Amino acid sequence: MNVASFDSSKNPLQEMLSHVSSGEMQLPDFQRGWVWDDEHIKSLIASISQSFPIGAVMTLENGGKDVRFQPRPIEGSESSCNNEVPDTLVLDGQQRLTSLFQALMMDHPVITWDAKGKKVLRWYYLDMKKCISREIDREDAVISVPEDKLVKTFRGEVTLDLSSDEDEYARDIFPVKAIFHSSDWRQ
């Protein structure tokens with residue numbers, strides 16, 4: 001008789017994303033590609049910034065005797081995986097994990113899609129003043145900016161410049177990619 005065991009442990013987000021980065025956590029080859037758009041990513045960041053539940057991530061321990069799936073890295077982690085054989089495969093939660101990995105762990109913009117389905121490169125930020133306001137919905141405090149970190153009007157006038165650390169500090173706009181290593185920003 002084959003007895004399966006189940007575990008519903010709570011792993012810290014940073015630890016899970018670190019496993020994605022190292023290749024210890026990957027996808028089985030049958031999973032579809034990552035497809036979340038800019039609005040989904042902003043909403044997810046707003047939820048985790050308030051410690052709201054974002055759903056479970058279902059994983060499978062890799063390397064069982066009976067079933068072996070071909071693994072593939074989570075999008076964005078490919079270069080750091082170095083053909084690593086994963087310990088864990090993600091069965092459910094890929095969209096959330098990939099979005100969080102790309103927004104919080106990578107040092108380049110996230111490749112995503114706008115509301116019209118056009119591919120865009122985005123950096124994600126939290127407007128700290130809006131985050132602490134009781135009158136402003138947290139989703140309105142999450143900012144998505146283009147690759148050059150310049151928000152412009154349709155005429156090309158710059159309305160928000162976050163192209164340097166000093167610009168971020170001066171405007172109290174926190175880059176979510178610095179969440180796990182924020183000591184420089186806090187200084």
> For the charge dipole of the range 84-187, defined by +1 on Lys and Arg C-beta atoms and -1 on Asp and Glu C-beta atoms about the Cα centroid, which residue among ILE143, MET128, PHE174 has the Cα displaced farthest towards the positive pole?
Replying inline: ILE143
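Do any of LYS129/LYS177; LYS119/LYS149; LYS42/LYS177 go past 20 Å between their Cα atoms, and which? List each step's numbers first, then the result.
Values: LYS129/LYS177 18 Å; LYS119/LYS149 16 Å; LYS42/LYS177 13 Å.
Pairs exceeding 20 Å: none.
What number, rounded to the nearest 500 deg cm²/dmol, is the helix-based mean residue ellipticity at 222 nm of the chain, given -39500 (n - 2.57) per DSSP H run of at least four residues and division by all its residues? Intermediate values should be presented prior to the final figure.
Details: 7 runs with 54 residues, N = 187.
Helix contribution divided over all residues of the chain: -7500 deg cm²/dmol.
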> Where Lys and Arg each count +1 and Asp and Glu each count -1, what net charge lies around VAL57 among other residues with Cβ under 11 Å from its Cβ?
Replying inline: +1
> For the range 106-187, what size does the Cα cloud have along each of its three principal axes, sorted from largest down, in whole Å?
Replying inline: 36, 31, 23
>> Which residue fluctuates most in the GNM of the chain (Cα springs below 10 Å): VAL57, VAL176, VAL20?
In response: VAL57
> Can you work out D for the range 27-122 in µm² s⁻¹ from Stokes-Einstein, where Rh is the Kirkwood radius over C-alpha pairs, the temperature is 25 °C and the viscosity is 0.890 mPa s?
Replying inline: 169 µm²/s
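Hey, what's the Kirkwood Rh for the chain if you take every pair of different alpha carbons, in angstrom? Mind showing how you got there, number by number?
Numbers: mean 1/r = 0.0555 Å⁻¹.
After inverting the pairwise mean of 1/r, the radius is 18.0 Å.
Taken together, the values in this text are just the output of simple stated rules run on the coordinates, not laboratory data. Small disclaimer: the values here were computed from a predicted structure and weren't measured. Quick reminder, even Gly has a Cβ in these numbers, built from the backbone with ideal geometry, and neighbours come from all protein chains shown.
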